[in-house]
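Take a look at the structure below.
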Amino acid sequence: MDKNWLSILVFFFCSFLGFSQNSSRDLSSENWTFKKVNDSNWFSAKVPGTIHTDLFQNNLIPDPFFGANEKELQWIEEEDWLYKTDFQITKDELENNIIELNFDGLDTYATVFLNGKKVLLADNMFRSWKIDVKNQLKIGKNTIEIHFESASKKGEEESQKLSYTLPEKERVFVRKAQYHFGWDWAPRFVTAGIWKKVHLKFWNKAKIENILYDQKLLNTEIAKMDFVFTVTTEKSGKYQIRLGEKPFPFQLKKGQNTVKIPIEISNPILWWCNGLGVSHLYIFRFSLEQNGAIIDEKELKIGLRTIELVQENDEKGKSFYFKLNGKPVFIKGANVIPSDSFLPRITDSTYFSMVKEAKNANMNMLRVWGGGVYADDAFYDACDSNGILVWQDFMFACAMYPGDNYFLENVKQEVIDNVIRLRNHPSIALWCGNNENDEGWHNWGWQKQYNYSKSDSTKIWNDYQKLFHQLIPKTLDSLLPKNENRYWPSSPSLGWGRKESLTQGDVHYWGVWWGKEPFEIYNQKVGRFVSEYGFQGMPSVETLQKVLSKEEMNFNSDAFKNHQKHPTGFETIREYMERDFIIPEKLEDFAYVSQLLQARGMKIAIEAHRRAMPNCMGTLFWQLNDCWPVTSWSAIDYYGDKKAFYYQTQRSFDPLLVHVYQNNSEIEIYTINDNQSDFSGKLKLKIIDFQGNKLWNDSVLVKSKSNFSEIQFKITETILNQFDKKEIVLQAEFISENQIKEAIHFFAKPKELALKKPTIQVNHIDKNTI
Ligand code: BMA
């Protein structure tokens, strides 16, 4: 018999015996309902969803984001909630050997009942849960019921068990997005619910649990890699994993197996981050087969690249920079927070557009900040294909955490789940233990505030070390190949008040904003890698109008105040505004000027960091996005509207930047080139007055070297002294290979400029045209 015919026959025979391909069924779209535990009425629910959004959808509460509604809705977190659905199981489905009920995410304390029997106790929203339910299911109607207990009450209960108070009290006991408890840009909505998909997985014989991509060698001639498969089988036997036409046969035992497939690619195309080249991805489709029948399949998108975090002693202290494919990369980017208080509202397209906006603003890294969540796959997929590196925090922020065995084991499972999910993404550059816990412990006065005894302090710090210096790095050792194991225990490594924070490690420079220092201090206080710094800007009035009524549109209304979460937010904005701008009276104008102010401050910071390369090799501003409509440090507001700051980042992150720096009484003109190639051209300089009259000009031929920041021209004090600084502007242009890069520099603060009122007549043609 023809060989092809034989395999077709075998395939049908196997299918007949029930050896069919593994399959799954989404239960999220069943008819879910919910109610308060002690109420009798059920209401329709959305899965994935949250209790707040379900209550809102059913008109049981007003919009949580509107006005000061947040305050009225705090009762929701005190209650327990029930979710329920019926679903049908067919005879064929029940014939599968193994049926798993999968919860991709439950927020947070959930007891799951299947047909009345308790099948799961969940207590960590960052974990996924898998239960073998074949014996609990029946043909026809089945019921899932999930009881959610109040996370804040549970946290409170846990906190009572300690003889001392941990900073941030109940939230640190709850493995739940920490910003849900409120932040200086977030409302407090300690929500609950089935926040990710629920599905049934049917399988027979065998299943691919996961794959580890292990890159063994990478150079221009060859890439060598192993794909390490974890496969679970029901029965021992001969199996094969096929990649394209190529079969790899294995004898597998019953239970869990690890098998390795070595692959070589000659003349590999490398993966580069945005700005340095193409982010090329190779697609690998693997199938697990037996007797010619496909049992399971998995697809991986792999980027071939090497990343190193280089920390070497030097004359300044110790370097902190990333090398991609052997080249030092100046990192430009931002910190991201979850894009909604209610996570299931964040769609794949929210993630895609966030990453696209980062790319469009010339960024090459985003930091997933530790007070939110491990992002959805869509985020990392978008980062892979857009060349955005990821600094991935584990989900701990601005507090001290418990260190008992139960807590540690729970975190260990969380790390395993998330690292296995994310580890093959080429974009992942760094795993980081937490946000500001170490800095907080050493600099924020918790010892005094909470009145710790010596032994309390020792215990708390030991627990910190257990978690971030032992458990997490050890778990990473077991999950990652050596060359992918880049772990940094805490961001920042040292608080911004300590001088070593500028000579080693990463720093969150908050002397501006929190320390009220002038923006110009950014020019002096440059760290080796500045992983946070920022300044607030108001969102546009149009954004605020969506959540505030006309009457509430003033600084004194409760609703307005509620959309600013920093205790002295508006005072701080006003104080800085006074320094540089004329403070406008009208709210719309104030909002607008606050954006100019934010953009101005951030320009100084970003360009100071870039100017200082290679001493400084990274700048990540705080923060790219918002989780609701609010006055915050963000560049893009909740509705996706960009603040002036966003456009400024786009300019200041330009891979070829003309930068003007006022160094005491002289003006230095820099070119800063992040590209892989040099650029030669003409640097043209011109000082004009506000009527456009040319007062001075000069030009010079220059070469801007790759990966380099250098002074190309100095305008001396003698030249500058001829003019009134309040009446002039400098235009610097670098013309090279058909591109013109431009910088505009004013010599005085905006409020000091002798600007004349222009006569501009505006004609409205239609809604969109003037
Ligand atoms: C940073 C962050 C957040 C905070 C921000 C602004 O340090 O890590 O904790 O929202 O400051 O205050």
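The values are calculated or read from the model by the stated rules, or taken from the named source; none is laboratory data. Everything numeric in this text was worked out from a predicted model, so none of it was measured. We place every Cβ from the backbone using ideal geometry, glycine too, and count neighbours over all the protein chains shown.
For the range 501-509, indicate whether the set of residues that are on the phi > 0 side of the Ramachandran plot and either assigned to a helix (DSSP H, G or I) or touching a residue at least 60 places away in the same chain (Cβ under 8 Å) (or both) is non-empty.
Within the range 501-509, the first condition is being on the phi > 0 side of the Ramachandran plot, and the residues that meet it are 505.
Among the residues that remain, those that are also either assigned to a helix (DSSP H, G or I) or touching a residue at least 60 places away in the same chain (Cβ under 8 Å) (or both) are: 505.
Checked against the condition, which is being on the phi > 0 side of the Ramachandran plot and either assigned to a helix (DSSP H, G or I) or touching a residue at least 60 places away in the same chain (Cβ under 8 Å) (or both), the range 501-509 yields at least one hit.
In the set (1) assigned to a helix (DSSP H, G or I); (2) away from the ligand (no atom under 16 Å from the Cβ); (3) in contact with a strand residue (DSSP E or B) (Cβ under 8 Å, 6 or more places away or on another chain); (4) not hydrophobic (A, V, I, L, M, F, W, C), the condition left unmet by K412 is number (3). All conditions but one from (1) over 30 Å from T347 (Cα atoms); (2) crowded, with 20+ Cβ neighbours inside 10 Å apply to E585; the one that does not is (2).
Of the residues V593, V658, V630, which single one is touching a His at 6+ places or on another chain (Cβ under 9 Å) and either modelled with pLDDT under 95 or of a type outside the set (F, W, Y) (or both)? First the steps, then the outcome.
Working: V593 fails: touching a His at 6+ places or on another chain (Cβ under 9 Å); V658 fails: touching a His at 6+ places or on another chain (Cβ under 9 Å).
Going through V593, V658, V630 in turn, the sole match is V630.
Applying the criterion of being out of contact with any strand residue (DSSP E or B) (no Cβ under 6 Å at 6 or more places or on another chain) and in a loop (DSSP other than H, G, I, E, B) to the residues of the range 587-627, the residue that is nearest to the ligand (Cβ to nearest atom) is C616.
Suppose we filter W441, W431 for residues that are in a helix (DSSP H, G or I), in contact with a helix residue (DSSP H, G or I) (Cβ under 7 Å, 6 or more places away or on another chain) and at pLDDT 95 or above; which single one remains?
On the way: W431 fails: in a helix (DSSP H, G or I).
Checking each option against the conditions leaves just W441.
For beta carbons closer than 6 Å, sequence separation of 6+ or different chains, a first residue in the range 157-176 that is modelled with pLDDT under 95 and a second that is part of a helix (DSSP H, G or I), the qualifying pairs are K169/S159.
Results for (1) under 28 Å from the mean Cα position of the chain (by Cα); (2) among the charged types (D, E, K, R), shown as yes or no for each residue.
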| site | (1), (2) |
| --- | --- |
| P48 | yes, no |
| T53 | yes, no |
| K84 | no, yes |
| F87 | no, no |
| D104 | yes, yes |
| N124 | yes, no |
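Taken together, the residues in the range 664-674 that are out of contact with any strand residue (DSSP E or B) (no Cβ under 6 Å at 6 or more places or on another chain) and either at pLDDT 95 or above or more than 15 Å from L730 (Cβ to Cβ) (or both) amount to 2.
Just a yes or no: is a residue in the range 316-329 under 13 Å from the mean Cα position of the chain (by Cα) and touching a residue at least 12 places away in the same chain (Cβ under 8 Å)? No, every residue in the range 316-329 fails to be under 13 Å from the mean Cα position of the chain (by Cα) and touching a residue at least 12 places away in the same chain (Cβ under 8 Å). Cβ-Cβ contacts under 6 Å between residues 6 or more apart (or on different chains), taken from a first residue in the range 472-488 that is closer than 18 Å to G303 by Cβ and touching a residue at least 12 places away in the same chain (Cβ under 8 Å) to a second residue that is part of a strand (DSSP E or B) and among the hydrophobic types (A, V, I, L, M, F, W, C), are listed as R486/L309; R486/L430. Only a single criterion out of (1) of a type outside the set (S, T, N, Q); (2) part of a loop (DSSP other than H, G, I, E, B); (3) in contact with a Phe, Trp or Tyr (Cβ under 8 Å, 6 or more places away or on another chain) is not satisfied by D54, namely (2). Based on this model, can you work out whether L288 counts as touching a residue at least 12 places away in the same chain (Cβ under 8 Å), over 20 Å from the mean Cα position of the chain (by Cα) and crowded, with 23+ Cβ neighbours inside 10 Å? Yes; evaluated as a whole, the condition is true for this residue.
Each row is one residue, and each column tells you yes or no for (1) at pLDDT below 95; (2) within 16 Å of the ligand (Cβ to nearest atom); (3) on the phi < 0 side of the Ramachandran plot; (4) crowded, with 19+ Cβ neighbours inside 10 Å.
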{"residue": "I307", "(1), (2), (3), (4)": "no, no, yes, yes"}
{"residue": "N325", "(1), (2), (3), (4)": "no, no, no, yes"}
{"residue": "G371", "(1), (2), (3), (4)": "no, yes, yes, yes"}
{"residue": "D377", "(1), (2), (3), (4)": "no, no, yes, no"}
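Candidates are the residues of the range 555-568 that are out of contact with any Asp or Glu (no Cβ under 8 Å at 6 or more places or on another chain) and surrounded by 12 or more Cβ atoms within 10 Å (Cβ to Cβ); the one that is farthest from G534 (Cα to Cα) is K561.
Please enumerate the residues belonging to the range 444-465 that are part of a helix (DSSP H, G or I) and either closer than 30 Å to P328 by Cα or within 16 Å of the ligand (Cβ to nearest atom) (or both). Correct list: W446 only.
When you go through Y647, Y638 one by one, which is the residue that is assigned to a loop (DSSP other than H, G, I, E, B), within 25 Å of M365 (Cβ to Cβ), at pLDDT 95 or above and assigned by TED's automatic domain parsing to the domain that holds I604?
On the way: Y647 fails: assigned to a loop (DSSP other than H, G, I, E, B).
Sole residue among the options that is assigned to a loop (DSSP other than H, G, I, E, B), within 25 Å of M365 (Cβ to Cβ), at pLDDT 95 or above and assigned by TED's automatic domain parsing to the domain that holds I604: Y638.
Among the residues of the range 512-550, which ones are within 16 Å of the ligand (Cβ to nearest atom), crowded, with 22+ Cβ neighbours inside 10 Å and of a type in the set (D, E, K, R)? E532, the sole residue that qualifies.
Return the residue satisfying two criteria in turn: it lies in the range 171-200 and is in a strand (DSSP E or B), more than 16 Å from the ligand (Cβ to nearest atom) and of a type in the set (A, V, I, L, M), and of such residues it is farthest from A45 (Cα to Cα). It would help to see each step written out before you state the result.
Taking the range 171-200 and keeping what is in a strand (DSSP E or B), we get 175, 181-183, 186-188, 193, 198-200.
Checking which are more than 16 Å from the ligand (Cβ to nearest atom) leaves us with 175, 193, 198-200.
Next, from what is left, pick out any that are of a type in the set (A, V, I, L, M): 198, 200.
Values: V198: 14, L200: 19 Å.
This residue is L200.
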